[in-house]
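*Asks:* This is the structure I want to talk about, given as C-alpha cells.
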C-alpha cells in the first residue's frame, strides 16, 4: 500500500493517468478469497472459538444506503450485534452477524500482493474486532484503523 495511506481507512487514491480512477492491483477473485481465508486462519484459535454466529462474505463493492453519501467507499463492514451488547434473549432466532470484505476498494489502494495481504488482514481484524464490541476509535488507537 502506498506509504501515504493509513491501513483500514475507506480511501481510494486518485490516479491522474486515467481520469482520477485508480488502477486496481490485478488479482483474481479466487486469489482474493484465499487472502481473506488466510487472514481468518491467522486469528488465534482461542479468539476464534469465542466468535459466535458470524458469517464472512466477500463482495465487489459497498453500495451506499439511503441517506448515506453516494460516494461512500468501504473496505469492510460489520453488521450485527456485538458480543458485548447481547443479552440472554439474543440467541432466540437471531440471524448471524455479517462481516463483508469489499474486494475492489482494497485492490484499488494496493500496489502489490504484499499490500493486498496486509490490507485484507487489517480489514478482517478490524471487522472481527467490531464483533467483540471494539469501537473504531479504539481500533485507530491500537493501529488497526
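The values are calculated or read from the model by the stated rules, or taken from the named source; none is laboratory data. These numbers come from a predicted model, not from an experiment. Don't worry about glycine lacking a Cβ; one is built from the backbone with ideal geometry, like all the others, and counts go over all protein chains shown.
*Asks:* Filter the stretch 87-142 down to residues that are farther than 29 Å from residue 23 by Cβ, in a helix (DSSP H, G or I) and in contact with a helix residue (DSSP H, G or I) (Cβ under 9 Å, 6 or more places away or on another chain), then give me how many there are.
*Replies:* So the answer is 5.
*Asks:* Now for a different question. Condition first: part of a loop (DSSP other than H, G, I, E, B) and touching a helix residue (DSSP H, G or I) at 6+ places or on another chain (Cβ under 9 Å). Now tell me which residues in the stretch 50-80 satisfy that.
*Replies:* The answer is 50, 51, 52, 60, 61, 62, 73, 74, 75, 80.
*Asks:* Hey, another quick one. Check residue 100 against each of (1) more than 14 Å from the chain's Cα centre (by Cα); (2) modelled with pLDDT of 95 or more and name the one condition it does not meet.
*Replies:* (1)
*Asks:* Could you check the stretch 57-106 and list, in sequence order, the residues that are more than 22 Å from residue 34 (Cβ to Cβ) and touching a strand residue (DSSP E or B) at 6+ places or on another chain (Cβ under 6 Å)?
*Replies:* If the condition is that a residue be more than 22 Å from residue 34 (Cβ to Cβ) and touching a strand residue (DSSP E or B) at 6+ places or on another chain (Cβ under 6 Å), then 79, 80, 96, 97 are the ones that fit.
*Asks:* Would you confirm, using the coordinates I've provided, whether residue 114 is modelled with pLDDT of 90 or more and exposed (fewer than 11 other Cβ atoms within 10 Å of the Cβ)?
*Replies:* Taking the combined requirement at face value, the residue satisfies it.
*Asks:* Going through 22, 70, 44 one at a time, which residue ends up being surrounded by 11 or more Cβ atoms within 10 Å (Cβ to Cβ) and either more than 17 Å from the chain's Cα centre (by Cα) or modelled with pLDDT under 95 (or both)?
*Replies:* Going through 22, 70, 44 in turn, just one is surrounded by 11 or more Cβ atoms within 10 Å (Cβ to Cβ) and either more than 17 Å from the chain's Cα centre (by Cα) or modelled with pLDDT under 95 (or both): 22.
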